[in-house]
1. Residues 301, 295, 312: which one is in contact (Cβ under 8 Å) with a residue 24 or more places away in the chain and either within 30 Å of residue 76 (Cα to Cα) or surrounded by 13 or more Cβ atoms within 10 Å (Cβ to Cβ) (or both)?
2. Restricting the stretch 39-82 to residues that are within 17 Å of residue 322 (Cα to Cα) and among the charged types (D, E, K, R), which is nearest to the ligand (Cβ to nearest atom)?
3. Tell me, which residue of the stretch 2-14 that is near the ligand (Cβ under 9 Å from one of its atoms) and more than 13 Å from residue 145 (Cα to Cα) is modelled with the lowest pLDDT?
4. Could you look through the stretch 278-289, keep only residues that are surrounded by 14 or more Cβ atoms within 10 Å (Cβ to Cβ) and either touching a Ser or Thr at 6+ places or on another chain (Cβ under 7 Å) or basic (Lys, Arg) (or both), and pick out the one that is farthest from residue 231 (Cα to Cα)?
5. Which residues, counting only those in the stretch 202-217, are buried (at least 17 other Cβ atoms within 10 Å of the Cβ) and more than 11 Å from the ligand (Cβ to nearest atom)?
6. Do we find that residue 220 is within 16 Å of the ligand (Cβ to nearest atom), loosely packed, with under 14 Cβ neighbours inside 10 Å, touching a residue at least 24 places away in the same chain (Cβ under 8 Å) and among the polar types (S, T, N, Q) in this structure?
7. I'd like to check something: does the stretch 83-102 contain any residue that is within 14 Å of the chain's Cα centre (by Cα) and either in the same structural domain as residue 146 (by TED's automatic domain parsing) or closer than 16 Å to residue 314 by Cα (or both)?
Amino acid sequence: MTFTPRVFSGIQPSGDLHLGNYLGAIRRFVPLQKSHDCIYCVVDLHAVTVWQDPTELANATREVAAAYLAAGIDSNAHIIFNQSRVREHTELAWIFNCVARMGWLNRMTQFKDKAGKNAEAMSVGLYAYPCLMAADILAYRATHVPVGDDQKQHLELTRDIAAKFNHDFADRIKSLGLGEDGYFPLTEPLISGPAMRIMSLRDGTKKMSKSDASEMGQISMMDSADRIATKIKKARTDPDPLPETFAELSERPGARNLVQIYASLADKSPDEVLGEFAGKGFGVFKPALAELTVAELSPIATEMRRLMADPAEIDRVLESGAEKARRIAAPVLADVRQIMGFLT
Ligand code: TYM
C-alpha cells in the first residue's frame, strides 16, 4: 500500500524554546512545506506529563505556535494546531497503550533520564508518553517525521507499534479492504545534518535542553543580541586553534558543538566551516558565530513578539488548524474502531 507522503512533527510547550529546538526541528520544518503536506503540532498533552502551571501552559502553547509562524510555516497551506484540541490523539494513544509491550517502554532511555532514581514518583503519563507520540504521528498516517536525534528511539517505537498493529489485525484490515500490507505506514524519521544534536554551551557532552541547570548552557530563541553574544563568548571551549577537518575535533566536544552550530546556520558542512576557520582561535570564531546566530534568530524573535502581542490571532490559527487536523484524523480513528471491533 502506498501512503500519501505526509510530514508530522511536534514540540512541547514547556519552558523556553532554545537553539536546539530551532536548529534540530523548527528550521528543518520550513523547507519540507515545498514537497509535503505538513502538520506541525504544539504537544500540550505531552507537556503535562510533568507539572505545568495552567496559565503558563496557555502562554507557552501560543509561543510555540508563534515560533512556527515566525520561522515561516504557512498555516493556510499546512496545519498548525495544539494537540489537546484533537481528541483522536488521546483515543489512539489508549489503543496503542494496549498494543505496545511493557518491555518496549522499559527500554526508553528518555524516561530513564527524566525519571532518574525517582521513577516511582513519576506520572504514568511520562511512562506512556511514547505511545501518545506514536498516536500523534499515526492518527495522520504520517510518513515522515523531522526531529532531533534525541527522539530516534521514540520513532523506532512508533514503527514497532505500527508493525504490531498491522500484524495483529492483518486479516481484519484486509477483509475490510483497508490495506493489503497493513493499515499504518512504517514512518521514516528525518534525522540528519549537523543540527541533529546541539549540545549545551557549558558542557559539550550534554544535550542543550530546556531543563539545563545553567541558563548559560542554552540560547533561547527570544534572547537579545547581547545575551546571545555573551553566551557564545562564555561557551566552554579549549585554548587550541581550530583544525582543518571536523574529524580532528572528536575529543573536543565544546569546539565541535560550536562548529556544528555554525555549519547548520550557514547551511554548510562542518568541514567547509573549518576550511574557512582552520588555524584561527575562538577569539575569531566566537564573534563570527555570534553574528550568524543573531542574524538568524533576531528577526524571528521580533516576529514572535509581534505575534504574541495578538494572542487572539494565534488562537484563531490554532483553532482552524485543529479543525483541519480533525478532518484527517477522524476517518483514521473510524477505521481503527472498525478494525478493532468496537461497536460505534
Ligand atoms: P521536544 O519538545 O523536547 O523538542 C522539540 C524538537 O526539538 C528537538 N531538539 C533538539 N534537536 C537538536 N538538538 C537539541 N539539543 C535538541 N533538543 C530538542 C527534538 O528532537 C524535537 O524534534 N517528544 C517530542 C515531541 C513530540 C513529537 C511528536 C515529535 C510529541 N509528539 C510526534 C515528533 C512527532 C519532544 O519532547 O520534543
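The values are calculated or read from the model by the stated rules, or taken from the named source; none is laboratory data. Keep in mind that what you see is a predicted model, and the values were worked out from it rather than measured. Ideal geometry is used to build each Cβ from the backbone, glycine not excepted, and the neighbour counts take in all protein chains shown.
1. 301
2. 44
3. Residue satisfying both the conditions and the ranking: 14.
4. 282
5. Matches in the stretch 202-217: 202, 203, 204.
6. Working: within 16 Å of the ligand (Cβ to nearest atom): yes; loosely packed, with under 14 Cβ neighbours inside 10 Å: no; touching a residue at least 24 places away in the same chain (Cβ under 8 Å): yes; among the polar types (S, T, N, Q): yes.
No; evaluated as a whole, the condition is false for this residue.
7. Yes, because at least one residue in the stretch 83-102 is within 14 Å of the chain's Cα centre (by Cα) and either in the same structural domain as residue 146 (by TED's automatic domain parsing) or closer than 16 Å to residue 314 by Cα (or both).
Yes/no per residue for (1) under 30 Å from residue 202 (Cα atoms); (2) at pLDDT 95 or above; (3) in contact with a helix residue (DSSP H, G or I) (Cβ under 8 Å, 6 or more places away or on another chain); (4) not in a helix (DSSP H, G or I):
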position	(1), (2), (3), (4)
280	yes, yes, no, yes
298	yes, yes, yes, no
303	yes, yes, yes, no
320	no, yes, no, no
329	no, yes, yes, no
337	no, yes, no, no
